[in-house]
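K.L.:
Have a look at this one before I ask anything.
Quick note: the coordinates plus some simple rules give every number you see, no bench work behind them. All of these numbers come straight from a predicted model, not from anything done at the bench. As a convention, Cβ positions derive from the backbone with ideal geometry for all residues, glycine included, and neighbour counts pool all protein chains shown.
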Amino acid sequence: MNHLLYDAHLHLQDRRLDCVRSGLPTWYCKENVARIVVNGTQVSDWPDVLQLAEQMQQVLPSFGIHPWWIENRPEDWLNRLIGHQESIPSVIGEIGLDRWFKKDNMEDQVSVFLDQWHVANERGLPVTIHCLKAWGTLLDLIEKHPHQGPGFLLHSYSGPLEMVDAWVKLGARFSISGHFAHPRKASRREVFQRIPLDRILIETDAPDMPPPEEWVKFPLPTEPDQKPINHPGNLISIYDFAAKWLKIPQDELESIIEHNFREMFGMVM
Ligand SMILES: [Zn+2]
């Protein structure tokens, strides 16, 4: 049986995808991709996310300020977030904490994260979270301010195995990205075996986090800095990889992901 497919996290508004964007609606229809969650990362890209949602039936818009971009936020950013959120059913994200790329502004990161977390909680919305090397802080914050919606996604989960049970109790979902197919990420498998199957989602994070070459179905020219660009169509290979990685038949995995996606994002679909 042919199930529908879902990409729980990507950035289709990103300029690096300008060359592929117009062909995607047709491709998504052909490949039975039902919904994709397109995450804004700063105030300046929210209008593009909104426009994509108006143009493409597959797009679930998500608005948020990513921890890398909090310094770019204008004074009225929170009102603008609420305005965007109220203009269309949407997710809050990508928000989060990052002590790896940015460690000097943790206090600011926490305050911007909490402001957005509260917007989601007051409305009972799903949330998408980016977290690198700040797992203890994030866990403390969410224990103190429990999630009030249908779930929050720890996208491409890189946190410790020992924290999985605590996250599950708090309502977390965890997505598998093509990044985990790199041999250096082999230890992630043990972590994901610990996660209940009803909490797992699949994501591309396109144009970021490309899978290793053997899993790239749609190669794109690299950027001037030699970084490869991840095509959203690689979603197909990430499903394929995840089924092998978790040792679940592809058909069964597709049905599990469909159920999980609808449970978390159904209220904004
Ligand atoms: Zn992302």
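K.L.:
Can you give the Rg/Rh ratio of segment 80-179, where Rg is from the C-alpha atoms and Rh is the Kirkwood radius?
P.N.:
With Rg and the Kirkwood Rh in hand, the quotient comes to 0.95.
K.L.:
Another one. Classify segment 1-76 as rounded, prolate or oblate, taking a ≥ b ≥ c as the square roots of the eigenvalues of its Cα gyration tensor: rounded when a/c is under 1.5, otherwise prolate if a/b is larger than b/c and oblate if not.
P.N.:
Since a/c reaches 1.5 and a/b is larger than b/c, the shape of segment 1-76 is classed as prolate.
K.L.:
Just for the Cα atoms in segment 27-115, what are the lengths along the principal axes, largest first, rounded to whole Å?
P.N.:
On the principal axes, segment 27-115 reaches 46, 28, 18 Å in Cα extent.
K.L.:
Another question, then. Around LEU81, what is the net charge, scoring Lys/Arg as +1 and Asp/Glu as -1 over all other residues with Cβ under 13 Å from its Cβ?
P.N.:
-4
K.L.:
Sticking with this structure for a sec: Restricting to lysine pairs 8 or more places apart or on different chains, what number in segment 79-202 have Cα atoms under 23 Å apart?
P.N.:
Taking segment 79-202 as the scope, the lysine pair count is 8.
K.L.:
Now, a different point. Please state the shape class of the chain: rounded when a/c is under 1.5, otherwise prolate if a/b exceeds b/c and oblate if not, all from the C-alpha gyration tensor.
P.N.:
Rounded shape, in that the Cα axes give a/c under 1.5.
K.L.:
Tell me, what is a quarter of the convex hull surface for the C-alpha atoms of segment 144-219, in nm² with one decimal?
P.N.:
6.0 nm²
K.L.:
Sort THR128, THR222 so the one with the fewest other Cβ atoms within 10 Å of its own Cβ comes first.
P.N.:
THR222, THR128
K.L.:
Antiparallel versus total DSSP beta bridges in segment 107-209: what percent is that, nearest 5?
P.N.:
0 percent
K.L.:
Follow-up question, since we're still on this one. Taking the Cα centre of segment 53-133 as the origin, how large is its charge dipole in debye, to the nearest 20, when only Lys and Arg (+1) and Asp and Glu (-1) carry charge on their Cβ atoms?
P.N.:
280 debye
K.L.:
If Lys and Arg each add +1 and Asp and Glu each add -1, what is the summed charge of the other residues whose beta carbon sits under 15 Å from the beta carbon of GLU214?
P.N.:
+2
K.L.:
How big is segment 116-157 on each of its three principal axes, counting only the C-alpha atoms and giving the largest first in Å?
P.N.:
That works out to 28, 21, 14 Å along the principal axes.
K.L.:
Net charge near GLN55: determine it from the other residues with C-beta under 13 Å of the C-beta of GLN55, scoring Lys and Arg +1 and Asp and Glu -1.
P.N.:
Once all neighbours under 13 Å are counted, the net charge is -1.
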